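Undergrad: First the structure, then my questions, so here it is.
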Amino acid sequence: MLDRKSIPGVLMQNRFIDTFSRPMDEREQFIDHGPSPSKGKIVYAHGKGCAIFDHFEMVLPKSSSIIRERDSSISVITKRFKINYRPLFEGWGDNLPRNFEKLSLGKELHSLSTYSVRLMVTVDFNVWSLLTTKGWEYYWWLDSFLGKLEESFSKKSFFI
């Protein structure tokens, strides 16, 4: 498992990962307002101004590494493959389903700005790893992970 201390180079250069991996006691909305843990780890909490804390954890295969690419994308490198995550924000507006803003957000349409954001994910397999069947049992999670990732970023899935 990688934690915040394991990826300092990536964190220092990526505000998104820095923000979402920051411990609860280092977030302004939870200082003097969040719950005080008596034992264990807090995995979810609400703070000042409707802030939400959700403990971020990334479990990766042994000997994996995370790097930031020149195009600002993030890559996870394993012995078998390299998976690259590249957020795409091109500044294009997007449309919400009719009355979504009122019924789900409690806001008026004119008070919102909506944008289209996509996530491009590519997987490059190491050619030599494809020539052996040994050890792949530790990497079968990739298929289900990519399916869940696609569903979690799908506008269609979200609005159904």
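The values are calculated or read from the model by the stated rules, or taken from the named source; none is laboratory data. As the structure is a computational prediction, the values presented were derived from the model and not from experiment. Backbone-built Cβ (ideal geometry, glycine too); neighbour counts: all protein chains shown. With ligands, DNA and RNA removed, areas are computed over all heavy atoms of the protein, side chains included. Shrake-Rupley method; radii C 1.70, N 1.55, O 1.52, S 1.80 Å.
Undergrad: Which members of the range 98-108 meet the condition of being in a helix (DSSP H, G or I) and either touching a Pro at 6+ places or on another chain (Cβ under 9 Å) or open to solvent by 90 Å² or more (accessible area, probe 1.4 Å) (or both)?
TA: Result: LYS102, LEU103.
Undergrad: Of the residues ASN95, ASN84, ASN99, only one is touching a residue at least 24 places away in the same chain (Cβ under 8 Å) and of a type outside the set (Phe, Trp, Tyr); which?
TA: Numbers: ASN95 fails: touching a residue at least 24 places away in the same chain (Cβ under 8 Å); ASN99 fails: touching a residue at least 24 places away in the same chain (Cβ under 8 Å).
Going through ASN95, ASN84, ASN99 in turn, the sole match is ASN84.
Undergrad: Now for a separate question. Taking the range 36-80 as the search range and keeping residues that are part of a loop (DSSP other than H, G, I, E, B) and touching a Ser or Thr at 6+ places or on another chain (Cβ under 6 Å), which one is surrounded by the fewest Cβ atoms within 10 Å (Cβ to Cβ)?
TA: The initial filter retains those residues of the range 36-80 that are part of a loop (DSSP other than H, G, I, E, B), namely 36-43, 47, 51, 55-57, 59-64, 69-73, 78-80.
Now narrow it down to the ones that are touching a Ser or Thr at 6+ places or on another chain (Cβ under 6 Å): 56, 61, 64, 69, 78, 80.
Details: PHE56: 14, PRO61: 15, SER64: 15, GLU69: 12, THR78: 18, ARG80: 18.
Going through the qualifying residues, I end up with GLU69.
Undergrad: On to the next question. Please pick out the residue among GLU137, GLU90 that is assigned to a strand (DSSP E or B) and at negative phi.
TA: GLU90
Undergrad: Here's a check for you: in the range 8-32, which residue that is modelled with pLDDT under 75 and aliphatic (A, V, I, L, M) is nearest to ILE74 (Cα to Cα)? Break it down stepwise before answering.
TA: Within the range 8-32, the subset modelled with pLDDT under 75 is 8-21, 32.
Narrowing the set further to residues that are aliphatic (A, V, I, L, M) leaves 10-12, 17.
Working: VAL10: 8, LEU11: 11, MET12: 13, ILE17: 10 Å.
Within the range 8-32, the match that is nearest to ILE74 (Cα to Cα) is VAL10.
Undergrad: Only one residue in LYS41, LYS5, LYS82 is farther than 20 Å from LEU142 by Cα and at pLDDT 75 or above, so which one is that?
TA: Numbers: LYS5 fails: at pLDDT 75 or above; LYS82 fails: farther than 20 Å from LEU142 by Cα.
Answer to the check: LYS41.
Undergrad: Which residue is least open to solvent (accessible area, probe 1.4 Å), if the candidates are limited to the range 131-149 and must be touching a residue at least 12 places away in the same chain (Cβ under 8 Å) and within 15 Å of TYR85 (Cα to Cα)?
TA: LEU142
Undergrad: Being in a loop (DSSP other than H, G, I, E, B) and open to solvent by less than 60 Å² (accessible area, probe 1.4 Å) is the filter; apply it to the range 109-130 and report the residue that is modelled with the highest pLDDT.
TA: If we take residues in the range 109-130 being in a loop (DSSP other than H, G, I, E, B) and open to solvent by less than 60 Å² (accessible area, probe 1.4 Å), then THR114 is modelled with the highest pLDDT.
Undergrad: GLU151 is checked against (1) within 17 Å of the chain's Cα centre (by Cα); (2) closer than 19 Å to SER75 by Cβ and fails just one. What number does that condition carry?
TA: All conditions pass for GLU151, except number (2).
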